[in-house]
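Right, one structure below, let's go through it.
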C-alpha cells in the first residue's frame, strides 16, 4: 500500500538536464566559477549534522560505532560532538577536539540555541531503544575546545513507530527565548498510528504522530526553561530536515515521501513550507498525509487535501534528509535556493548508488536541478548540511559501501577562491542553515533506496 502524500501539481517542473555542479571521479574537477571545493575533514565516525560556530569552527555530530556491522553499527552507537577548525582558513581542518561524548544514541541533529547547543539523538544503544529519542542541551566550555556540560534534556518515547531521525529547527526570539521546532513522523502507510510522550525539561503525554511541534526554550540561567509545547502542523509522513527563514519566520521542511509497490516508487519526496502566519494562527495546518500525495512518475496530484508542497522531487533521488539555504555570498544563480541531500541506496556508495544526489531548488524560478549528481565515485550519502554566508559544508555519513565507521567525510565549498587552495581530493558539499526536528519512519522492504531518517530498524 503506497504512502498517501500531499502535492502541488502546477509546480512539478522537469529537472534541468545539466547539473549545476558536476563531479567526475573521486575528485571535484569542475566547480562553478567563483567556487572552490576542498576536503575539510576525513576519517570521521558517521558525521550526520553540523553547525558553524561564531569563531569560524565547525561543530559536528558524530557517532562512535557499535561493535557490529551494517547500519546497526551507527544506530547502536553512542553520540559525540567534535569541534573542527582550520587555523589558516584554507578549507582544510587542522584541529579536532571531542567536546562531548556519551550522548544517548546516534546523533541526528546539531543546532545552536543562543549560548547553548542542542543535540538530537535516537535510540539508547540497544534494539529496544528504537522508539526513543532525546534532545540534549549542552553548555560550551570556557575555551573553544573545552568540554561541554550537559544542562538538561527532553526525552521522547514513541508507542508504535521507530524513531530514526530527530532533527531540530530554531528561530531567534527575544530576551533569551527561542522557538524550537521538531517533528514526529507517522507510520509507513495509512493513517498515522501511535503517540509520543515527552518527559524531562517539559512533559506531555499522548501527542499525535505525523506532526510538527513548537516549543519555547529560554536559554538564560544555569538550566534552560522549556515551555509551550504546541502542535503546529500535521499530515506529515517523516521529515529529516527543517529550517527557519530568519527574515520571514517561515519554516521549510522536507518530507520523506518515498514508498513503493513491488519495487516501483509511488510517491515523491517533498519540500514544504509552513508560513509564519499559519504558525501564529493557532490552528494546526495539515499537509495532507495520508490522503494525498504526488505521483512519483509524473508529479500528478492524488488526493487533494491539505497544503500542497512547495516542490516535489521527481527523478533519480530517494530519501531526503537535511535541507539548507544556499549561502548568500555564492554567485548569482546559486545564492537563492534550498539544497536537499538524498541518502539513496544506504547499503552502497559510488556508482552503485545513483539515487543520492544533492538537489538545488531555486526559490526565484521555482525549478530544481542536481547540484551534485548521484552515483559519484567515493561518495556515499551527502546528507549533512551546514552553511555560512560564504561557505557550504556537506557531510558524507559513510563514503564506503555499507556502514563503515571512520569513513565519514566533510567537504567545504567556498565562494572565496583566493583563500582556499585547489582541492587535493574530494567530491561535493551540502548545506544546512536551519535547525531540524524529529523524524520517525517505518520503511517497507524494497530493493530501492531509503534514507537513514526513513529507515525501519528491526
Extension length gain for residue 352 and residue 247 (0.36 nm per residue less Cα distance), in nm, is 33.8 nm
Sort 389-398, 337-346 by packing, meaning the average of other beta carbons within 10 Å per residue, with the highest value first. 337-346, 389-398
Between the stretch 29-62 and the stretch 309-325, what is the C-alpha centre distance in whole Å? 21
Fully extended contour minus Cα-Cα distance, from residue 197 to residue 377, at 0.36 nm per residue: 60.5 nm
Compute the distance in nm between two label points, each set 7 Å from the Cα along the Cα-to-Cβ direction, one at residue 159 and one at residue 280. 3.5
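Rule-based calculations on the coordinates, nothing more; no lab input. Treat the numbers as computed from the prediction; the structure is a model and nothing was measured. So basically every Cβ, Gly included, is an ideal-geometry build from the backbone, and we count neighbours across all protein chains shown.
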